[in-house]
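Pasting in a structure now, in structure tokens, and then I'll have a few things to ask.
What follows is calculated from the coordinates using simple rules that are stated; it is not laboratory data. What you see is a predicted model, and the numbers here were worked out from it, not measured in a lab. No Cβ is skipped: glycine too gets one built from the backbone with ideal geometry, and neighbour counts run over all protein chains shown.
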Amino acid sequence: MTGLPIFTPEIAKAVLTDILTALNTPENTQKLTEAKENSGNEMLKMMQFVFPIVVQIEMDVIKNYGFSESREGTVQFVKLLRTLEREDPEVAQLHSQVRSYFLPPVLNSHINCSTEASL
């Protein structure tokens, strides 16, 4: 697909809700739990083992909304989300929930504060 889909806050909420649902399937919960256990509390290991699982699940969902199933599709999706989360607190909150799967709470809240500060 060459053009991006129309991406409204409502669509963003639907996509993020679908991603959260996919993250919580028994199969994915098991994969993520194992990856987190292997990572311990080390951020570098979290990014090495947990982050790729979350991104793959995200790519599997966003392709259903017209994004390419590639790194570029994921980057486009995140850029659009960043714009919308400045305008819609619910989008920001859902995106924060997705990030919580691979970012420690302190870092995740710092990212939210940075996003708010950049308004």
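Peptides 87-93, 55-61: what's the order by average Cβ count within 10 Å, highest mean first?
55-61, 87-93
In Å, what is the Rg of the alpha-carbon atoms in the stretch 7-101, and how long is Dmax?
Rg then Dmax for the stretch 7-101, in Å: 13.3, 37.
Go through 38-45, 72-79 and give me the packing order, highest mean Cβ count within 10 Å leading.
Packing order, densest peptide first, comes out as 72-79, 38-45.
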